[in-house]
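Colleague: Would you mind keeping the following structure in view while I ask a few things?
Here, each number is a calculation from the coordinates, and none is a lab measurement. Everything numeric in this text was worked out from a predicted model, so none of it was measured. A quick note on method: Cβ atoms are made from the backbone with ideal geometry, for glycine too, and the neighbour counts reach across all protein chains shown.
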Amino acid sequence: MMYSLILFLIVITMTTQAVSQHQINNPSGFEIKRGVNLSHWLSQNFGWSPKATFITDSDIKFIDSIGYDHVRIPIDEQEMWDESGKPIEESFRYLTHCLDWCANYKLRAIVDLHILRSHYFNAANEGGSITLWTDTSAQNTFINLWIQISQYLHKYPVNMVAYELMNEPVANNPDDWNKLIEKTIKTIRLLEPERVLVIGSNMWQIPSTFPNLKVPLNDKNIILSTHTYSPLHFTHYLAEWVPSKRYTGPVHYPGQIVTDADYEKFVNKNDSIFVKAMLGSTEVYNKQRLTDELLPAIKKAEELHLQLYCGEFGCLPHVNRKDRLRYYDDIISIFHENNIAWCNWEYKGDFGIFSFDFKNKISLSPDVEFIKTLLKDR
C-alpha cells in the first residue's frame, strides 16, 4: 500500500509525538502509550480480505510512521488451532511474521487471546454459550493454549512483546475469573518469569468491575487492562449486534445521548424489549462523566502500583462526525491526563482509521482528520 501522500499530510499538520516520555511501570521495560488493534485478521475473521494481504509489512510500517508505538493482535482459538487442538502452522506464521515486522519498526505488540471455543464475550447477544467457568477440561485447554503460545513466542524480547490472558471475560462469579488468572499466571511464570502479562477485569473489562479483580501482589510485570465503549447508545449506534439496534433516531455527544423528544418519537413504549434495550439512552455524557466511569480502574491500578491500559475503545462512524471526533478527543485526553496507555479499536474495519465501505466490507483510504484527532500531541 502506498500512503506516502496521506502520511505527508498527517505529519505536516501534527506536532512531534513525545511517545518516549510515558512512565514505565514494569521491570521488563514493556513501554506503551498509544496503539491500534489489528482486528478481523487472526480473530473475528469475516473473510473481508485474504489473511496474507490483510496485514502486511506495509501496514506495520504505516502504523509506526503515523505515531503509534504498539499494536494489539487479537487471536482466536479457532483461527490458530484446529478442532483436534493441533496448531494451524500457517496462522502462527502470520503471527510471527507480524511480530518480526513490529521488531523491524520498533513497535511493541500485545498478543491477545480473544475468543475461545469455550468462551465468547458476546455470547449472550448472539445465541452462544460459555462453558469455560464450569468445565474443568475447558480451563485446562485454555492454560494449554498459553503453553503453546509461549512455545512459539518465547524468543521475542520481554520488552517488545506482551501476552494478554483473555479478552473480556464474562463470568457470573468474578472469583471464577480470578481463580483462572491465578492458575494461568503460575503456569506462564514457570515458562517465562519476566514476560509482561495484560489482565482485564470481569464482565467485559468494564471499569466498574475492577474492585473485584485479583492479581498476584508480588508480580510487577503485569498491566491492568480496561475497555470502554461508553456510552454504548452513542458509540454503537446502528450496530447490528447490540440490543438497541432498532433505534434509528439521532444520537448526540456531548450532552443527552437521545433527547426526550427523540425518545418519544422513535421508541415504542408498548414494546418492552425495545424499551429495555434503550435503558440509559437519555442520560447525559460528557468528559467528566467518562472520567468518573473510569475511576474504579484508575484507583485499582494506583492501589497495586501497576500501569493501566485501555485496550479497546471506539465509536462507529454512523453518528454525526463532529460529535464522533469530539468523543475521541475527550476520551484520549482523559487517558493522557490519567497516565493510561490506550489502543483504539481498530486499524481496519467499521471502527477503523480508514474510511470503510459498509456494503462491500472494504477499508478504503486513511481518514486523515480522524488520525490527527487520535494521535495529536496532548
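Colleague: How far, in nm, would the chain grow between GLU83 and ASN45 when pulled straight, counting 0.36 nm per residue and subtracting the alpha carbon separation?
Modeller: Full-extension gain reported as 12.0 nm.
Colleague: Under 15 Å from a point 7 Å along the Cα-to-Cβ line of ARG117: which residues of the stretch 127-156 have their amide N that close?
Modeller: From the stretch 127-156, the list is 129-132, 135-146.
Colleague: Okay, next question. Run the quick spin-label model on ARG93 and THR291: label points 7 Å from Cα toward the beta carbon, then report their separation in nm to one decimal.
Modeller: 5.1 nm
Colleague: Still on this structure, I have one more. For the stretch 215-356, compute the number of Lys pairs whose alpha carbons are separated by less than 25 Å, excluding pairs fewer than 8 positions apart on the same chain.
Modeller: 14
Colleague: For the chain, list the DSSP H helices whose alpha carbon atoms reach 18 Å or more along the long axis and whose average Kyte-Doolittle value is -1.0 or above?
Modeller: Answer set is 89-104, 136-153, 174-191, 287-304.
Colleague: Give me the Kirkwood hydrodynamic radius of the stretch 61-127 in Å, from all C-alpha pairs, to one decimal place?
Modeller: 13.6 Å
Colleague: Continuing with the same structure: Can you tell me what percent of all Cα-Cα pairs in the chain are more than 26 Å apart?
Modeller: 51 percent
Colleague: Viscosity 1.567 mPa s, temperature 4 °C: give me the Stokes-Einstein translational D for the stretch 98-230 in µm²/s, with Rh taken as the Kirkwood radius over C-alpha pairs.
Modeller: Estimated diffusion coefficient is 84 µm²/s.
Colleague: Rounded to the nearest 500, what is the 222 nm mean residue ellipticity of the chain from helices alone, with -39500 (n - 2.57) per DSSP H run of 4+ residues and division by all residues?
Modeller: -11000 deg cm²/dmol
Colleague: Still on this structure: Within the stretch 317-361, list the residues whose amide N lies under 18 Å from a label point set 7 Å along Cα→Cβ of THR259.
Modeller: 319-324, by backbone N distance to the label point.
Colleague: What chymotrypsin sites (Phe, Trp or Tyr not before Pro) does the stretch 41-103 have in DSSP loop regions with at most 12 other beta carbons within 10 Å?
Modeller: Those that pass, being in a loop and sparsely packed, are PHE46.
Colleague: Provide the gained length on full extension for the span LYS359 to SER58, in nm with one decimal, where the gain is 0.36 nm per separating residue minus the Cα-Cα distance.
Modeller: Contour length minus the Cα-Cα distance gives 105.8 nm.
Colleague: GluC sites (Glu not before Pro) within the stretch 173-267: which are DSSP loop residues with at most 15 other Cβ atoms inside 10 Å?
Modeller: Sparse-neighbourhood loop GluC sites (Glu not before Pro): GLU194, GLU240.
Colleague: Right, next: List the residues of the stretch 205-240 whose backbone N lies under 18 Å from a point placed 7 Å from the Cα of PHE266 along the Cα-to-Cβ direction.
Modeller: Counting only backbone N, you get 230-240.
Colleague: Trypsin sites (Lys or Arg not before Pro), restricted to the stretch 51-130: which are DSSP loop and have at most 12 other Cβ atoms within 10 Å?
Modeller: LYS106
Colleague: A further question on this structure: Most fluctuating residue of LYS359, LYS179, LYS245 in a GNM of the chain with Cα springs under 10 Å: which is it?
Modeller: Among LYS359, LYS179, LYS245, the largest GNM mean-square fluctuation belongs to LYS359.
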